[in-house]
Amino acid sequence: MAFCNACGATIEPGAKFCPKCGGAVPAAAASTDNSDEAARNLGIDVYPGARARKGSAASVTMGSMHTVAADFETDDPPERVADFYKKRLPHANIAVSDEKQYTIISHDKKNMFTINIEPQEGKTLIHIANVSGNAVAGGESTD
């Protein structure tokens, strides 16, 4: 059973507005954990030759906000992977640790990318997440 976020009234399934106060009801969440689908919807190129790690992806839509994330691995060193993304996101904020772990964060009006790159068991793990929607950069949600 759903309740109105504004007044607490009971909301019938499928209702778009609260029957008591008229407040908009947020759209239901839709999600998937399909790695290939998530990779197609990241909004940024996947590192060439990187392999998707099965079972490590998510794609969730709630109202006007969409989040997609996926993990990949490659045999290339973290520095080479980081250079690839630095060229694609030249205005990104970049943090590097002593353990060759990179965090790259970039945003525009409707997208925020976070890319984490780290060595793991002889390979390089790449985690990419993209949050998109009207409210990403301080805009207002349409819901």
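All of the numbers you see were taken from the coordinates with simple rules; none came from a lab. Predicted, not measured: the structure shown is a model, and the values here were computed from it. No Cβ is skipped: glycine too gets one built from the backbone with ideal geometry, and neighbour counts run over all protein chains shown.
Computed FRET efficiency, Cβ-Cβ of Asp75 and Asp108, R0 22 Å: what is it to the nearest 0.05?
The calculated FRET efficiency here is 0.10.
Suppose a student asked you for the relative contact order of the range 33-116, using Cα pairs under 8 Å spaced at least 6 residues apart; what percent would you report?
Numbers: 110 pairs, mean separation 16.4, N = 84.
Taking the mean separation of contacting Cα pairs over the length of the range 33-116, I get 20 percent.
Taking 25 Å as the cut-off for C-alpha to C-alpha distance, list the pairs among Lys87/Lys123; Lys16/Lys54; Lys87/Lys109; Lys54/Lys110 that go past it. Show your work: numbers first, answer last.
Details: Lys87/Lys123 22 Å; Lys16/Lys54 36 Å; Lys87/Lys109 20 Å; Lys54/Lys110 28 Å.
Over 25 Å Cα-Cα: Lys16/Lys54; Lys54/Lys110.
Between the range 96-115 and the range 31-95, what's the alpha-carbon centroid distance in Å?
11
Using each residue's phi in the range 78-95, evaluate 6.51 cos²θ - 1.76 cosθ + 1.60 at θ = phi - 60° and report the 3J(HN,Hα) Karplus result to the nearest Hz, with x for Gly and Pro.
x, 4, 5, 5, 4, 4, 4, 6, 4, 5, 7, 10, x, 9, 6, 8, 10, 10
From the backbone phi of the range 98-108, what are the Karplus-calculated ³J(HN,Hα) couplings (6.51 cos²θ - 1.76 cosθ + 1.60, θ = phi - 60°) in whole Hz, Gly and Pro given as x?
Rounded to whole hertz, the list is 5, 8, 6, 9, 10, 10, 10, 10, 9, 8, 9.
Suppose each label sits 7 Å from its Cα in the direction of the beta carbon; what would the Glu121-Ala6 distance come out to in nanometres?
In this crude label model, Glu121 to Ala6 measures out at 5.1 nm.
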